[in-house]
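**Q** A single structure is presented below for examination.
Laboratory data are not the source of any read-out in this text; all were calculated from the coordinates shown. Predicted, not measured: the structure shown is a model, and the values here were computed from it. Because the Cβ atoms are built from the backbone with ideal geometry, glycine has one as well, and the counts that use them run over all protein chains shown.
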C-alpha cells in the first residue's frame, strides 16, 4: 500500500501537511520525536479522513535515523509515494553562542537526514507511476542571515540540492519540489531562541501552518520545482537578488540583534 511519509509530523507545518495530504486521499506515515503527539495526530487523521495511518517515534537528528525510517517502512511493507522532508530547526544568535555539537546536530537534521532519506527511498519511488519529494527550506535560503548564519546556510543547501535533483529527475516519475515558507505560526521562534525583536517581526507576517501546507501540497502535486509562500516572502527573495548583498545582510541582522 502506498503512503506519504512526513517528518516532523507531530505539530506545525508537518502536521498540517499530513492533514492536507490525507484530505486528498493519501495514507500517511508520521515521523517525529514525541510518541504521544504522533499517536494523537495519527488517530485524528485516520478518523477524520478515513485513510490509513501509522507513526514512528524517532529522533531524526541521529546519524542512523534515515536508515531506521527506511527499515521500518520495509519491515511493514509500506511503499512511500510521497516523501516530505519537513523536520528541521534553527539556532539564532551569535555563532559562538552554541557548541559545536549543537551546530552539528542542526546540520544533521536539516541536511544530512534529508539527503539520507531521499537517497534511500528514491530507487523504489522511481519504480512507481508517479511519486513526489517535497523538501521544506525557508525564506532564509535566499540570502545570508547574520545571527541565523548556519540555519540559513542549511536551508540554502536544501534549496540548491532540491533544484538540482528536480532537473536530474525531470521527465521521470519522481518530481522534486522545494517549498520556502517565511514566518509561520509554529514553535520555530521558541526553538530557535529568537529575541524579542525577532519575535515581533515574525508576528507581523505570520502565516498559518494550514495555509503553508495547502500551498506546499499544491506545488508538489503540480510538479513545481520551487515554491515561496506568500507575497511578502516572494518580494523578499526578489529583493535579496536585486539589492547589494551587504545591504540585505545588514538589514536582516538588525531583526535578530
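**Q** Write down the Kirkwood hydrodynamic radius of region 1-59, to one decimal in angstroms, obtained as one divided by the mean of 1/r over all alpha carbon pairs.
**A** Taking every pair of different Cα atoms in region 1-59, averaging 1/r and inverting gives 10.7 Å.
**Q** Another question, then. Using the number of other C-beta atoms within 10 angstrom as an exposure proxy, rank 98, 132 with the fewest first.
**A** Ordered from fewest to most neighbouring Cβ atoms within 10 Å, 98, 132 come out as 98, 132.
**Q** I've got another one for you. Taking a ≥ b ≥ c as the square roots of the eigenvalues of the Cα gyration tensor of region 1-138, is the shape rounded (a/c under 1.5), prolate (a/b larger than b/c) or oblate?
**A** Prolate, since a/c reaches 1.5 and a/b exceeds b/c.
**Q** Between residue 101 and residue 225, 0.36 nm times their residue separation minus their Cα-Cα distance comes to what?
**A** Computed gain between residue 101 and residue 225 is 41.4 nm.
**Q** Please give, to one decimal in nm, the separation of the simple spin-label points placed at residue 126 and residue 34, each 7 Å out from Cα toward the Cβ.
**A** 3.8 nm
**Q** Would you mind computing, in nm to one decimal, how far apart the modelled labels at residue 57 and residue 167 are, each placed 7 Å from Cα along Cα→Cβ?
**A** Rounded to a tenth, the inter-label distance reads 4.4 nm.
**Q** Using 0.36 nm times the number of residues separating residue 115 and residue 208, minus their current alpha carbon distance, what extension gain do you get?
**A** 30.8 nm
**Q** A further question follows. At 0.36 nm per residue, and after removing the present C-alpha to C-alpha distance, how many nm does the segment from residue 43 to residue 76 gain when stretched out fully?
**A** Gain on stretching residue 43 to residue 76: 10.0 nm.
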